[in-house]
Structure formats: structure tokens, C-alpha cells
Amino acid sequence: MKNLFLLFISFVFISTQAQKIKVKKDIIYIDKEEVGKIKKRKVEDSLATRKFNLYEIYDKNNQHVFDVGMKFMTSPLYHKDKLYTYYTVKYIPTQKEAAINDNNFYLGKKKIVKYLYDNVLFDQNGANMDGIEINIDMADSIPVKVKQELEKEKEKIKDGYYIINRVKSDPIFFKYIETNDGFSFLNEKTVTTQKYAIYQGKKDPKTGFYLRKTLIGYLLVEYPRGNTKMKPQNIVILNTKNVAVAKVNTFDYHMYFPYKEIPYKKRMNKGNEPYSTIFRTQPVLEKANMIILDLIKNNRL
């Protein structure tokens, strides 16, 4: 194995010197020599919201040798509401798959061919078995960065069940904290987020001062970026450990810890309206108040 590794390193150094890679009309050229083809097709994944591109690589004998595309993995905390996406390369004859750990990688025909060539997986002679043994057979199918994020999430699962002690029948109050532009709490969509602290407490009816007041979590209201006057895209409720316990929008109402999808036409108030109608018609803090009461009732907050 040591000799194989040294041979592999030597080959990488020699083979990456001034080799010109070109892709024209799906034909792969290395130093002007036609060495194979790369084809693109649309594929589906049960976790993806739309079709995405998969690239098939063929050698000069028209043998299908590699697939390069995207993979999706659900979050240990938020299930399919938060997806990790990454790229993989699959060696077709064995169906063995390896993650692509290059942070600068993207799905482009020339980029793919260059990655395969630089990692000694594909050259003028087609698939390189030495490179495949080291960079596919011995490699992990999940990128290092994704594995690290998954481990961090698993360590926080216990925090998702945390509920602070207080008088649960007390009224709910909100205190505005800030408005920021950035990414959604659950995905990489850019949004404008308004953040509120959520309290339960009781006021003295004469003085208006709180007799008791307890922070029970945080409210995130996510709008299309720069448009806080529009309908929010998501309402996310966090506990005091900064872990989301629910996400609501016009189409979904999901509770976490344990994960539960609430039926779209679930009734949430005395008027017998479905939560989807409430989300569209009620002011934001009234919507949030109803959701929080539902979470308290279900022992989620």
C-alpha cells in the first residue's frame, strides 16, 4: 500500500504538469487528443424540490465510467427542513461512491473533467485504477465538512427537548430585538429576519409592573430579503437553547423533538380556521402567539 501511495503521488505530480483539458460539444480533449465524452441529464431525488443535473463520463471506448452529481442529507435536528448538499463521484463498474471535498468544486463540464484528471481518476487511457483505489475505494462517501456539521447537530439534540420551568398559563409577551439580512435559520436562502424574545409572565393590574417574567424562547420572522411588508416566508420558534422547536409557513407546520408534520388543515382556534388560513390573514405576532400556545399545549416549549 505504501508503494502504491508513493506511485500515486508521483503520478499526480507528473500528470498535472501543463496538461491542457478542453470540453467541446460534450467531447473531452486532453492535449488535443479525444479521450471521452461527458453528458448531462436531469435527475430527481426525493429530498430535492426540483430536478438537478447529473454528469456521466465515458471513456474513448464509450464505456460509462463515472457519474458526478449532488447528494442530499437530512439534518439530525430538523429533518428535511434543513438539507446538507454536497458533490460525489461514483465509479460505475463497482458503484462505489466518494465525496468531493474540494470547496471550490461546482458542476461544470470542464471543472468535472479537471477534477477527475487532477485526482488521477481519469486520463488519456480512461479510468485510472490506482487513483480509483485511493480516491474512491478508500475514500468516505460524505465530505469532512458535512460530517463535522452532522456531529455538531447530534450533540444538540438533547437541547431541543429543553423546556424552561415557569407558569405555563401566564400570558405571552414579545420583545423586539433586531432586524438583520442574512441566511434563513434552516437553509441558505437569503432573507430579512426580525427577531423577538418570547416571555411568559404576569403583570400587576394596578402598577403594570411584572410580578413574574420568564424568557421561554425566541421568535424569528423571515421575510423575502428587504421586504418586511410582505407576507413572511417562515415563522421559526426557538427555545432558550437556540434550537428551533417549530417552523410554520403557508404550506407547512412542522414540530421538532420529536419531529411531527401537522396536517395542513389542522384547526388552531375557536373559529375553526386551519392554521394555513391563520398564517395568511393574521398579523405576525398574533400568528406567533397561536403557534406558541399550540407548542406549549403539546409540551414542545
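The values are calculated or read from the model by the stated rules, or taken from the named source; none is laboratory data. No experiment lies behind these values; they were computed from the predicted model shown. Neighbour counts run over all protein chains shown; Cβ positions are idealised from the backbone, glycine included.
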When residues of region 42-70 are limited to those that are among the polar types (S, T, N, Q) and over 20 Å from the mean Cα position of the chain (by Cα), the one farthest from residue 90 (Cα to Cα): 61
Residues (among the aliphatic types (A, V, I, L, M) and more than 15 Å from the chain's Cα centre (by Cα)) located in region 185-204: 191, 197, 198
Residue 36 vs. criteria surrounded by 15 or more Cβ atoms within 10 Å (Cβ to Cβ), among the small types (Gly, Ala, Ser) and within 27 Å of the chain's Cα centre (by Cα): no
Answer residue from region 198-234, given it is of a type in the set (Ser, Thr, Tyr) and part of a loop (DSSP other than H, G, I, E, B) and is nearest to residue 293 (Cα to Cα) among those: 228
Some residue of region 65-75 being polar (S, T, N, Q) and assigned to a strand (DSSP E or B): yes
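For (1) over 28 Å from residue 162 (Cβ atoms); (2) at pLDDT 90 or above, each residue gets a yes or a no:
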site	(1), (2)
210	no, no
216	no, yes
240	no, yes
246	no, yes
263	no, no
275	no, no
280	yes, no
293	no, yes
Filter result (touching a strand residue (DSSP E or B) at 6+ places or on another chain (Cβ under 7 Å) and charged (D, E, K, R)) within region 214-245: 222, 225
Region 39-64: number of residues that are in a loop (DSSP other than H, G, I, E, B) and at pLDDT below 90: 8
Filtered residues of region 130-140 (kept if in contact (Cβ under 8 Å) with a residue 60 or more places away in the chain and not β-branched (Val, Ile, Thr)): 130, 131, 133
Residue within region 166-184 that is surrounded by fewer than 17 Cβ atoms within 10 Å (Cβ to Cβ), touching a residue at least 12 places away in the same chain (Cβ under 8 Å), under 24 Å from the mean Cα position of the chain (by Cα) and not in a strand (DSSP E or B) present: no
Some residue of region 196-210 being among the hydroxyl-bearing types (Ser, Thr, Tyr) and touching a residue at least 24 places away in the same chain (Cβ under 8 Å): yes
